[in-house]
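Asks: Handing you this structure, nothing more for now.
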Amino acid sequence: MYSTLSLSLGLLATASLALAEPTVYLIRHGEKPSNGSTGLNAVGFERADCLKTVFGPDSNYDIGYIIAEQPKSDGKRDRAYETVLPLAEELGLTVDTSCSKKDTKCVKDLVKDYTGSDNILICWEHKELTKIAEKLGDDDAPTYPDDRFDLIWTDPYPYTNITDITSENCPGLDS
């Protein structure tokens, strides 16, 4: 009887794990040059390196899929990709850059079609993060502040509400 009960509980636990939907984390790209040129500045590259600690293998975020806006061939719009590339390499993942900057439906489709068991990290230009959260289902998504680069928005399934906003707490970068 006890072995049957243990087996039933084990199967139930396994089934609920298999049905678990990923949490989506949304972040802004790292700091940019003040002169308007492409890419990240030195602080932005420091942030990109810090994300290996924030979201890396020893964190509780369990990232299994990373999405960043599609860079242009002339180097424009590459900040999001540059921000998450070191993390992706640390996790052994490829950054999905198949969605253009304003194509929120594409991002929603990637999230919807993701079949992995780990969570999703989305890195984008800050003005589009609200639109992405809205497209995922949040009718009252926050606005990402212009003067912050460190915020993590937590959007658990069914993606209808940003439930937490925290700092990446990168040493020397975030107060």
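Asks: Within the set of other residues whose C-beta is less than 9 Å from the C-beta of CYS170, count the net charge using Lys and Arg as +1 and Asp and Glu as -1.
Replies: Around CYS170, the charge tally is -4.
Asks: Among PRO22, THR94, PHE149, whose Cα projects farthest towards the positive end of the dipole of the chain, with charges put on the beta-carbon of Lys, Arg (+1) and Asp, Glu (-1)?
Replies: THR94
Asks: What percent do you get for the relative contact order of the stretch 22-167 when only Cα pairs under 8 Å and 6+ apart count?
Replies: The value is 31 percent.
Asks: Cβ neighbours within 10 Å, averaged per peptide: list 133-142, 63-72 in order, most packed at the top.
Replies: Order by mean packing, descending: 63-72, 133-142.
Asks: Same structure, new question: Take every Cα pair under 8 Å in the stretch 49-88 that's 6+ residues apart, average their separations, divide by the length, and report that relative contact order as a whole percent.
Replies: Once divided by the residue count of the stretch 49-88, the mean separation gives 42 percent.
Asks: Taking the Cα centroid of the stretch 37-52 and of the stretch 155-175, what is the distance between the two, rounded to the nearest whole Å?
Replies: 18
Asks: Size of the dipole of the stretch 80-131 about the Cα centre, Lys and Arg at +1 and Asp and Glu at -1 on the beta carbon, nothing else charged, in debye to 20?
Replies: 400
Asks: Here's a follow-up. To the nearest 20 debye, what charge dipole does the stretch 22-167 have about its Cα centre, counting +1 at the Cβ of each Lys and Arg and -1 at the Cβ of each Asp and Glu?
Replies: That gives a dipole near 500 debye.
Asks: Let me ask something else. Of the listed peptides 26-33, 107-114, what is their order by residue-averaged count of other C-beta atoms within 10 Å, with the highest listed first?
Replies: Working: 26-33: 23.1, 107-114: 16.1.
Order by mean packing, descending: 26-33, 107-114.
Asks: Among the listed pairs LYS32/LYS108; LYS32/LYS112; LYS52/LYS102; LYS72/LYS108; LYS32/LYS131, which are separated by more than 24 Å between their Cα atoms? Working shown, then result.
Replies: On the way: LYS32/LYS108 26 Å; LYS32/LYS112 31 Å; LYS52/LYS102 27 Å; LYS72/LYS108 21 Å; LYS32/LYS131 21 Å.
Check vs 24 Å cut-off fails for LYS32/LYS108; LYS32/LYS112; LYS52/LYS102.
Asks: Another question, then. Angle check, please: helix 126-136 long axis (alpha carbons) against the longest principal axis of the chain (alpha carbons), in degrees 0 to 90, nearest 10.
Replies: The answer is roughly 30 degrees.
Asks: Compute the angle between helix 104-113 and the longest alpha-carbon principal axis of the chain, please, reported from 0 to 90 degrees and rounded to the nearest 10.
Replies: 30
Asks: No partner Cβ under 4.7 angstrom, meaning no disulfide-compatible partner by this rule: which Cys of the chain qualify?
Replies: Cysteines lacking a close Cβ partner in the chain: CYS123.
Asks: Now a separate question. Please say if the stretch 22-167 is rounded, prolate or oblate, where rounded means a/c under 1.5 for a ≥ b ≥ c the square roots of the C-alpha gyration tensor eigenvalues, and otherwise the choice is prolate for a/b larger than b/c and oblate otherwise?
Replies: Rounded is the answer for the stretch 22-167, as its axis ratio a/c remains below 1.5.
Asks: What order do you get for SER73, SER98 when you list them from fewest to most C-beta neighbours inside 10 Å?
Replies: SER73, SER98
Asks: With the cut-off at 1.5 for a/c, could you classify the stretch 55-136 from its C-alpha gyration tensor as rounded, prolate or oblate?
Replies: Oblate.
No lab work stands behind these numbers, since they all come straight from the coordinates. Please read these numbers as outputs of a predicted model, since none were measured by experiment. Note that we place each Cβ from the backbone using ideal geometry, even for glycine, and neighbour counts take in every protein chain shown.
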